[in-house]
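Inspection log for the structure reproduced underneath, given as structure tokens.
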Amino acid sequence: MAVRTTHMTGPATDLAVAVALLISGDRDERAAARSSALLRGTKLSAFVLGAVAMAVLCPRFGYAAFLLPSAACLAATAASFAPGRAAAAPSPA
């Protein structure tokens with residue numbers, strides 16, 4: 001499945017394709033579609049929840065409301081570089 005570059009329409013399209021494959025695909029397609037649907041659904045849900053949270057928090061805290069999500073992104077990025085998190089390098093053929 002191709003990686004989309006837009007923030008909402010690409011993942012929404014990918015989610016729709018995955019749901020269609022869950023309904024009509026064969027066993028192998030359904031397994032891959034389940035994983036794809038979970039990823040895209042989680043991504044879209046996080047986007048919507050973040051938008052709602054910031055709509056509530058920004059009027060009260062201004063730009064300081066962005067400190068918590070910024071810290072969460074920084075922590076997730078740092079965790080992705082932690083030892084043992086890197087994908088195994090392919091063995092030379």
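Binning every alpha carbon pair distance of the range 13-73 at 10 Å from zero, what are the percents per bin?
22, 34, 19, 18, 7, 0
Between Ser24 and Ser45, what is the label-point separation in nm under the 7 Å Cα-to-beta-carbon projection?
Distance between the two pseudo-spin positions: 2.6 nm.
What is the packing order of peptides 17-29, 52-64, taking the mean over residues of other C-beta atoms within 10 Å and listing the highest first? Don't skip to the answer; put the middle values down first.
Details: 17-29: 13.3, 52-64: 11.0.
Averaged packing, sorted descending, gives the order 17-29, 52-64.
At a Förster distance of 30 Å, what's the computed FRET efficiency of Leu67 paired with Met8, Cβ-Cβ distance as r, to 0.05? It would help to have the intermediate numbers written out before the result.
Numbers: r = 24 Å, r/R0 = 0.81.
Plugging the Cβ-Cβ distance into 1/(1 + (r/R0)^6) gives 0.80.
In sequence order, what are the phi-derived ³J(HN,Hα) couplings for the range 17-26 according to the Karplus relation 6.51 cos²θ - 1.76 cosθ + 1.60 with θ = phi - 60°, rounded to whole Hz, with x for glycine and proline?
For the range 17-26, the Karplus-derived couplings read 5, 5, 5, 4, 5, 4, 7, 10, x, 7 Hz, x marking Gly and Pro.
Specify which residue in the list Gly10, Ser45, Leu57 is farthest towards the positive end of the charge dipole of the range 1-60, using unit charges on the beta carbon of Lys, Arg (+1) and Asp, Glu (-1), about the Cα centre.
Towards the positive end, the residue furthest out is Leu57.
Every number here is computed from the coordinates shown, using simple stated rules; none is lab data. Keep in mind that what you see is a predicted model, and the values were worked out from it rather than measured. Positions of Cβ are backbone-derived with ideal geometry, glycine not excepted, and every protein chain shown enters the neighbour counts.
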